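The values are calculated or read from the model by the stated rules, or taken from the named source; none is laboratory data. These figures come from a predicted structure and were not determined experimentally. For neighbour counting, all protein chains shown are included, and Cβ atoms are generated from backbone atoms with ideal geometry for every residue, glycine included.
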Amino acid sequence: MCIHKAYDWPEQTAGYRLGVEGLEEDFAHVAKQGKEGADADNDIRDLPVTPARLIERITTDALISIRNAMLRVVDEAEGRHRSKRLVDDVVLTTFRELARQFSTPAISVDLRREYEGALKTAYGSTAQAGVRIATLRLEEMLEKLGVPSGQVPQQLADAISQAKAGRLGSVRLSNAVVDSIDEMSSVVSNAVFTDTQNRLLSGLDPAGLPAEFNLGDLRRYLVENHDVSRTRAATIARTESARAYHVAQIDAWKQTNAVKQKHFLMAFDACQFCQRASFEFGEGTGRSVAIDAPFYGAGEILNGTMGGSMVMSMPAFGTIHPNCRCDIDPVLDF
Ligand SMILES: [Zn+2]
Ligand SMILES: [Zn+2]
């Protein structure tokens, strides 16, 4: 079972979501479907900067800054201890210093603040796009249901015409959404730093280190175990842009006063847990939940359709797990 694979979005919303959550490989995938060879490569070079790509880039930058800051501590220690003899005391002192600097202001506060600020900006543009998309989706639904324009409530009609004109108009981000964006960026920023620190500290148990472990080994350890991979940044970008998109979408629907409930909309080729959510809350089931309620609460156990089970680490308002590309469907009600 692997829930870390990136799936395609649901067909109904894939076009919209590419523009918000598209990463380089998603655009490459789309370009290759349409074109072959040189043409496709040219298109990839000219990609739009989606909010998700922004999150991926600033996260990669943050991870590199963290690593460089750690290596500087080792450099300084090497400068202080020119003799090349193997001294585990020096290594351990250096490592403790590293841990101290990451848990106290010396290195990390500025990096964190910078990263958190950049995240907030990226979440903000995800949310703006989410509001617009949410409104356009309602228009699509009205058309599909054949609702005559005379029967569409004024508030919703206004929101739709504003969204079509490319403006947010009467539907803006509510204070609750702005707060939750702030909260999300601070949680993610802390996680990126704390996670990095914990991973490194847990791997450097003095009792488990070889006796001849020296500063060069410490440097190698940091480089090898500090994961600045694009996978890590891409997972954060995918997960977070989807969450911000859903939070904004729910907020916009609430503000139109025309949506009270939502269904779960499963991504194409989704995993057993998302299949379960679809069996329980998909459109065909007739079961929906209140628009701002989670499908599953934190701590709840979700039983997959293939026998696996998963404890929800956070409430699932739209997506179910990291890298999940599922979506939600509004239930029109006016
Ligand atoms: Zn899934
Ligand atoms: Zn999913």
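Residues that are aliphatic (A, V, I, L, M) and over 23 Å from Arg172 (Cα atoms) were ranked within region 238-282; the one that is farthest from ligand 2 (Cβ to nearest atom) is Leu265. Please specify each residue of region 322-334 satisfying the condition of being within 14 Å of ligand 2 (Cβ to nearest atom) and either modelled with pLDDT of 95 or more or more than 25 Å from Gly22 (Cα to Cα) (or both). Selection gives Cys326, Asp327, Ile328, Asp329. Within region 309-324, residues that are over 12 Å from Phe295 (Cβ atoms) have Cβ atoms under 6 Å from residues that are part of a strand (DSSP E or B) and more than 14 Å from ligand 2 (Cβ to nearest atom) in these pairs: Ser309/Ile301; Ser309/Asn303; Val311/Ile301, counting only partners at least 6 apart in sequence or on another chain. Exactly one residue out of Phe295, Phe334 is aromatic (Phe, Trp, Tyr) and either in contact with a Gly (Cβ under 8 Å, 6 or more places away or on another chain) or within 16 Å of ligand 1 (Cβ to nearest atom) (or both): that is Phe295.
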